[in-house]
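A.B. asks: Below is the structure I would like to discuss, written out as structure tokens.
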Amino acid sequence: MQNLILGIETSCDDTCLALLSLNCKIIYEKSSSQIDIHKQYGGVVPELASRDHLQKLQLLYEDLRQNIDTSKICCVSVTSGPGLIGSLLVGMMFAKGLAISLNVPLICINHLEGHIMSSLIEEEGEHPFITCLVSGGHSQLILVEEFGKYILLGSTVDDAAGEAFDKIAKMLGLPYPGGPLIEKLASKSFNNNEFTFKPCLIDNKTLNFSFSGLKTQVLYKIKELGNISEEMQSNIAYAAQEAIINTLIIKSQMAILHAKKIIMEDKKSALSRFVLCGGVSANSVLRSRFDLMCQQNNLKLILPKMQYSTDNAVMIARAALERYKQRLFSNLNAQPKARWPMNEI
Ligand code: KG4
Ligand code: ZN
């Protein structure tokens, strides 16, 4: 019986394969990270990323073939955007070749839709809900009316939250990806008041936010200090993390109020959940602050399991499952899209 959805994710610097059954059970998952390749450059080098995906996809698929009967695969799903064009291209070509050879449909998935589904892998989605999607490339507040129907409430006008973490880490001399390292450093801060950075709110009229100003505040502070002790480094990391978290909390609270106004009257009572997702949602301080904020707003916070916060193929297969149920298959001529806003899905 063909009952397994193959998920492929190669939009940035992780090569991932997963198999999800039609009843939402994870049958297989494996990833290969490129952090060691990009670390020395302080960020992802697109050309190196696509070359590595090409090698690793074949190795991962070979491993999958050794462990699973591939005749059980009922469709091949793949991240088609947004992301690095070369990396997406490698994943899509691989997926198309497999779909043809296995004679099963292809399903192209938007990476951001995948992140939203990462928190709902083993759950049925109750709609509507609001989501704060914070990754290395995106920071958005989205009202999910139902699967596939997204209203963008606000987003960053410059850097993404993860990008801000990464750039500030770089200023502090830390390697890529800096988000987890900033969290670790911040947890060692014993003087939380030594530095404060202003939250990065554009104004209180829009739901958009900006993180580039924070970068500048941190840069000037580091220049002013000259030599930075380990203690100062931790206190800067703490203050920067606070500014990012406060920004996301303030704008999310505004988004909840706004969403309540625009949701159709008959669906208002169904708004009971808030989803926090994307790579930055692996930050445990962010998780606990959102938990508190949701409690204060009578919403249940839904979080992806830690391992599904950052890029993975299980979330791609999970989004594909929804499309598979509706027979929303993609054309084999489909092209990768470096830019693919959610409201254009
Ligand atoms: O979703 P993701 O894996 O890739 C993109 O789609 O961008 O997110 C990666 C981002 C990186 O910027 C990384 O620094 C950030 O998520 N990140 C974190 C943490 N873990 C990963 N940021 C803050 N705290 C963390 N614990
Ligand atoms: Zn991602």
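The values are calculated or read from the model by the stated rules, or taken from the named source; none is laboratory data. Computed from a predicted structure; not experimentally measured. Cβ coordinates were reconstructed from backbone atoms using ideal geometry, including for glycine residues, and neighbour counts include every protein chain displayed. Only protein heavy atoms, including side chains, enter the accessible area calculation; ligands, DNA and RNA are left aside. Shrake-Rupley method; radii C 1.70, N 1.55, O 1.52, S 1.80 Å.
A.B. asks: Give the carbon-plus-sulfur fraction of the accessible surface of the chain in %, rounded to a whole number; probe 1.4 Å, heavy atoms of protein chains only.
C.D. replies: 52
A.B. asks: Rounded to the nearest 0.05, what FRET efficiency is calculated for N193 and L292 with R0 set to 25 Å and r the Cβ-Cβ distance?
C.D. replies: The pair N193/L292 has a calculated efficiency of 0.75.
A.B. asks: Still on this model: For the range 105-200, state which GluC sites (Glu not before Pro) are in a DSSP loop and have at most 16 other beta carbons lying within 10 Å of their beta carbon.
C.D. replies: Here the GluC sites (Glu not before Pro) that fit, given the DSSP loop and packing criteria, are E122, E123, E124, E126, E194.
A.B. asks: Moving to a separate point now. How much of the DSSP beta bridge set in the chain is antiparallel, as a percent to the nearest 5?
C.D. replies: Percent antiparallel among DSSP bridges in the chain is about 60.
A.B. asks: Now, a different point. Multiply the residue separation of N333 and L59 by 0.36 nm, subtract the distance between their alpha-carbon atoms, and state the gained length in nm to one decimal.
C.D. replies: Value of the extension gain: 96.1 nm.
A.B. asks: Now for a different question. At 222 nm, what value in deg cm²/dmol follows for the chain if DSSP H runs of at least 4 each add -39500 (n - 2.57) and the sum is divided by all its residues, to the nearest 500?
C.D. replies: After summing the helix terms and dividing by residue count, I get -13500 deg cm²/dmol.
A.B. asks: Springs between alpha-carbon atoms under 10 Å, Gaussian network over the chain: tell me which of S71, S31, S80 tops the mean-square fluctuations.
C.D. replies: Judging by the Gaussian network model, the answer is S71.
A.B. asks: Can I ask one more? Need the full-extension length gain, K39 to K267, defined as separation in residues times 0.36 nm minus the C-alpha distance. One decimal, nm.
C.D. replies: Gain in length upon complete extension: 77.4 nm.
A.B. asks: Which of rounded, prolate, oblate describes the range 228-345, given a ≥ b ≥ c as roots of the alpha-carbon gyration tensor eigenvalues and a/c under 1.5 marking rounded, otherwise prolate only if a/b is larger than b/c?
C.D. replies: Note, shape of the range 228-345 comes out oblate.
A.B. asks: Moving on to the next point. Where a ≥ b ≥ c are the square roots of the eigenvalues of the C-alpha gyration tensor, would you call the range 50-200 rounded, which needs a/c under 1.5, or, failing that, prolate if a/b is larger than b/c, or oblate?
C.D. replies: Prolate shape, in that a/c is at least 1.5 and a/b is the bigger ratio.
A.B. asks: Something else now. For the chain, the longest stretch holding no trypsin sites (Lys or Arg not before Pro) located in a DSSP loop with at most 14 other Cβ atoms within 10 Å is which?
C.D. replies: 26-187
A.B. asks: Among H53, H138, H127, which one shows the biggest mean-square fluctuation in a GNM of the chain, springs joining Cα atoms closer than 10 Å?
C.D. replies: Looking only at H53, H138, H127, the largest GNM fluctuation is found for H127.
A.B. asks: How about K221: which lysines have a C-alpha closer than 18 Å to its C-alpha, ignoring those fewer than 8 places off in the same chain?
C.D. replies: Within the straight-line cut-off, K221 pairs with K167, K170, K198.
A.B. asks: On a 26 Å Cα-Cα criterion, which of the cross-link pairs K25/K96; K188/K223; K215/K305; K149/K305; K268/K337; K149/K325 come out too long?
C.D. replies: Table pairs above 26 Å Cα-Cα are K215/K305; K268/K337.
A.B. asks: Provide the per-residue ³J(HN,Hα) series for the range 177-186, in order, calculated from phi with Karplus coefficients 6.51, -1.76, 1.60 and θ = phi - 60°, each as a whole number of Hz, with x at glycine and proline positions.
C.D. replies: In residue order, the calculated couplings are x, x, x, x, 6, 5, 4, 5, 4, 4 Hz.
A.B. asks: Treating only the Cβ atoms of Lys and Arg (+1) and Asp and Glu (-1) as charged, compute the dipole magnitude of the range 114-251 about its Cα centre; round to the nearest 20 debye.
C.D. replies: Dipole about the Cα centre, nearest 20: 620 debye.
A.B. asks: I'd like the FRET efficiency for Q326 and K300, computed as 1/(1 + (r/R0)^6) with the beta carbon distance as r and R0 of 35 Å, rounded to 0.05.
C.D. replies: Computed FRET efficiency for Q326 and K300 comes out at 0.85.
A.B. asks: Below 8 Å between Cα atoms, with a sequence gap of 6+, how large is the relative contact order for the range 1-94 in percent?
C.D. replies: 40
A.B. asks: If you build a Gaussian network model of the chain, linking Cα atoms that sit under 10 Å apart, which residue out of L98, L303, L321 swings the most?
C.D. replies: Judging by the Gaussian network model, the answer is L98.
A.B. asks: Which whole-number percentage describes the relative contact order of the chain, with Cα contacts under 8 Å and a sequence gap of 6 or more?
C.D. replies: So the answer I get is 25 percent.
A.B. asks: Rounded if a/c is under 1.5, else prolate if a/b is larger than b/c, else oblate: which is the chain, with a ≥ b ≥ c the root eigenvalues of its Cα gyration tensor?
C.D. replies: It is oblate, given that a/c is not under 1.5 and a/b is not larger than b/c.
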